[in-house]
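The values are calculated or read from the model by the stated rules, or taken from the named source; none is laboratory data. Being a predicted model, the structure only gives us computed values, none of them experimental. A quick note on method: Cβ atoms are made from the backbone with ideal geometry, for glycine too, and the neighbour counts reach across all protein chains shown.
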């Protein structure tokens, strides 16, 4: 996709537009040809106004000065096309993520784009924002704009697409026409085999309560105390919409952003962790949501990343035990099947799935009692995804308590023994695996009714 | 070793050029003198390297040199303190200054640049107030034994010897290397310089480690300040130690420390310091180079070195991806 939009150059192959071969060596050339890419992470400047963002880098000029009048009018026009009723002078940072996304689309429209590529556009949107986006996409289609919509969320793909192309390992794995598009067909192409094997569950024994939380209040949701328990050998999923306070709850529990209050008991020992250091000494581990910012030291070796949390435990006095460190890295690389040319490789150069495995290895080295995972499979390929699900299963079987947050409904339904659903900072419901239905979870997540909650 | 190759080549080139341009350069006396200068300035560079590795900066080093450097003879000569007690206080002052900086940076979340810029002004101002802006020193006689620490050397051959400040630097470097490469604290410094949040979430007390780096930096600055005054004997509070922090930072950066944090080696910092000193020596010795052009030449060499380093790095990064 980056090649189409002129961000990267093609090594080989041909690109035809309107039947003519094209080659874009930069983003401007692609833009002029009518191709616009909307990145997963928005490429906008928070501190500038909406209109300034729309025209960033190609401000209309009159005698060298920026022509504010043209900008204002054009900004109004494209904003109305995407259904945004805001002043073009609004500072971008004041808008919600969903609206910022629409501004990005407006920006693409103002370049007269005929092909708009959207890379995981809903990954950080709330339900209503996503629906707004879908309406806009419908509008684009009527206006004759082609949309390439990249998504892991098969439900969205099914609802939106006229045609589906599935990629696996950088290759085209198959096409589906409108009438062939269904969930199982897509997954089959993605995994390369049948779906039933994808979420493979084995029976695991659920034991005693390991983690008990009462009245936990995070800084972001001070008015909604949260109570729940997790047993050993249990995999608990936390569902909910973006912004429901799930990540904040995990961060408060782990002491990453100290909680305002609450009682936490881990294996019978009471006390609220005030720092990650304290949390890990109590047997908690957190695989954070943003791997690159919070999970990894990108410019350190695989080995050094894996040993970071257990370094102190394994040290002889203040000295690093290098033999132990190497042994640990070997063991973890094999156990988790991390694909790396060597233990010295910098974490930066590994794929998302392998990076996530390194973060997991760092924690598994400590043999935690409770493993907290925040969006454990975000942005990783489907093979690694499956491996991570298997791992979660295996850890539960070995008696660990696993608590994970996920925005992917299938993931919750496929992996969890029990689901907690959060809505606006509180737990709006809880259900056991046998009662899982997509509608019931969605109802709780959107705060509609409490039917089906057990 | 890969990342110090560039600076090592720079050192050899500057060294050979100077030797070719001036006959006295290779003389025993001049070589000893250079080691002595490298020793004195190197202690400061070593200190700032710890801070730079954590992605911080310390602009107050020169003023700490001034405070402790002027304070030592002020206490010993003016107020009759025992030298050992005065040295003890000097080190304690360094430690407290570092602690102060570290606490402001970690607990109040102030920016290192701002905190230590204020330090730069405050400690110099305080020294000038304390000493009434009068020149401080040990005089011509009476403290020769004490001053040996800064002036003495282990004789090797003729006029060539290993000066004490250089030997002290070597000892500190060995300790520094063990600290950075062999202990968990060293690993934590590199990790947090690279990604503080991820390091903290891995259960490391990052605040404590950052404070430690500022303490080490100011402690070494105060030690350096004392050796400078023992070596040079007299100091003007108004300009003593001026620009020393910049020499220290320049040497560390030349030696491969990145201001983006998480990178640096002790050996590189030592060689970086040596390059700076050989350059200075060259400017002094070579007749057609004017002394007042020192900054111009040092600045240009630093710029070229950093540019070459960046280009080489990009090349090897590209190779790695393909």
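Figures for the structure shown
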| read-out | value |
| --- | --- |
| Where residue B:316 falls short, out of the listed (1) surrounded by fewer than 21 Cβ atoms within 10 Å (Cβ to Cβ); (2) more than 25 Å from residue B:196 (Cα to Cα); (3) more than 14 Å from chain A (Cβ to nearest Cβ) | (3) |
| Some residue of the range A:267-274 being within 14 Å of chain B (Cβ to nearest Cβ) and crowded, with 17+ Cβ neighbours inside 10 Å | yes |
| Which numbered condition residue A:321 fails, given (1) within 29 Å of residue B:260 (Cα to Cα); (2) at the interface with another protein chain (Cβ under 10 Å from one of its Cβ atoms); (3) buried (at least 22 other Cβ atoms within 10 Å of the Cβ) | (3) |
| Flag if residue A:222 is surrounded by fewer than 19 Cβ atoms within 10 Å (Cβ to Cβ), within 14 Å of chain B (Cβ to nearest Cβ) and modelled with pLDDT under 90 | no |
| Hits in the range A:354-376 (condition: within 18 Å of the chain's Cα centre (by Cα) and under 18 Å from residue A:297 (Cβ atoms)) | A:354, A:355, A:356, A:357, A:358, A:359, A:360 |
| Any chance residue B:241 is within 13 Å of the chain's Cα centre (by Cα), crowded, with 17+ Cβ neighbours inside 10 Å, more than 14 Å from chain A (Cβ to nearest Cβ) and not in a helix (DSSP H, G or I) | yes |
| Failed item, numbered, when residue B:56 is tested on (1) assigned to a loop (DSSP other than H, G, I, E, B); (2) surrounded by fewer than 23 Cβ atoms within 10 Å (Cβ to Cβ); (3) touching a residue at least 60 places away in the same chain (Cβ under 8 Å) | (2) |
| Meets criteria (modelled with pLDDT of 95 or more and in a helix (DSSP H, G or I)) for residue B:14 | no |
| Cβ-Cβ under 6 Å pairs, at least 6 apart or on other chains, the range B:65-87 side part of a loop (DSSP other than H, G, I, E, B), far side at pLDDT 95 or above and surrounded by fewer than 24 Cβ atoms within 10 Å (Cβ to Cβ) | B:81/B:75 |
| Helices (runs of 4 or more DSSP H) wholly inside the range B:123-210 that include at least 3 residues being within 14 Å of chain A (Cβ to nearest Cβ) and either touching a helix residue (DSSP H, G or I) at 6+ places or on another chain (Cβ under 7 Å) or under 30 Å from residue A:290 (Cα atoms) (or both) | B:164-182, B:184-194, B:196-201 |
| Hits in the range A:138-155 (condition: surrounded by 18 or more Cβ atoms within 10 Å (Cβ to Cβ) and assigned to a helix (DSSP H, G or I)) | A:140, A:154 |
| Residue within the range B:222-235 that is free of Cβ contacts under 8 Å to residues at least 60 places away in the same chain, in contact with a helix residue (DSSP H, G or I) (Cβ under 6 Å, 6 or more places away or on another chain) and assigned to a helix (DSSP H, G or I) present | no |
| Selection count where residues are within 8 Å of another protein chain (Cβ to nearest Cβ) and under 16 Å from residue A:351 (Cα atoms), scope the range A:275-305 | 7 |
| Members of the range A:241-266 that are within 12 Å of chain B (Cβ to nearest Cβ), touching a helix residue (DSSP H, G or I) at 6+ places or on another chain (Cβ under 6 Å) and crowded, with 18+ Cβ neighbours inside 10 Å | A:254, A:255, A:256 |
| Selection within the range A:308-334 - touching a helix residue (DSSP H, G or I) at 6+ places or on another chain (Cβ under 8 Å), more than 16 Å from residue A:350 (Cβ to Cβ) and touching a residue at least 24 places away in the same chain (Cβ under 8 Å) | A:309, A:310, A:328 |
| Residue ID - surrounded by the most Cβ atoms within 10 Å (Cβ to Cβ), chosen from residues in the range B:161-190 that are under 12 Å from residue A:318 (Cβ atoms) and touching a strand residue (DSSP E or B) at 6+ places or on another chain (Cβ under 8 Å) | B:184 |
| Any hit, the range A:38-52, residues being modelled with pLDDT under 85, in the same structural domain as residue A:120 (by TED's automatic domain parsing), assigned to a strand (DSSP E or B) and touching a helix residue (DSSP H, G or I) at 6+ places or on another chain (Cβ under 7 Å) | yes |
| Which numbered condition residue A:323 misses (of (1) outside any loop (DSSP other than H, G, I, E, B); (2) within 15 Å of residue B:190 (Cβ to Cβ)) | (2) |
| Filter pass, residue A:168 being in contact (Cβ under 8 Å) with a residue 60 or more places away in the chain and in contact with a strand residue (DSSP E or B) (Cβ under 9 Å, 6 or more places away or on another chain) | yes |
| Checklist (1) facing chain B (nearest Cβ under 9 Å); (2) modelled with pLDDT under 95; (3) not in a helix (DSSP H, G or I) applied to residue A:337, failing item | (1) |
| Selected residue (only one of A:310, A:351 is assigned by TED's automatic domain parsing to the domain that holds residue A:217, crowded, with 21+ Cβ neighbours inside 10 Å and over 30 Å from residue A:222 (Cβ atoms)) | A:310 |
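Each row is one residue, and each column tells you yes or no for (1) modelled with pLDDT of 75 or more; (2) surrounded by 18 or more Cβ atoms within 10 Å (Cβ to Cβ); (3) in a helix (DSSP H, G or I); (4) not assigned by TED's automatic domain parsing to the domain that holds residue A:245.
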{"position": "A:157", "(1), (2), (3), (4)": "yes, yes, yes, yes"}
{"position": "A:175", "(1), (2), (3), (4)": "yes, no, no, yes"}
{"position": "A:186", "(1), (2), (3), (4)": "yes, yes, yes, yes"}
{"position": "A:201", "(1), (2), (3), (4)": "no, no, no, yes"}
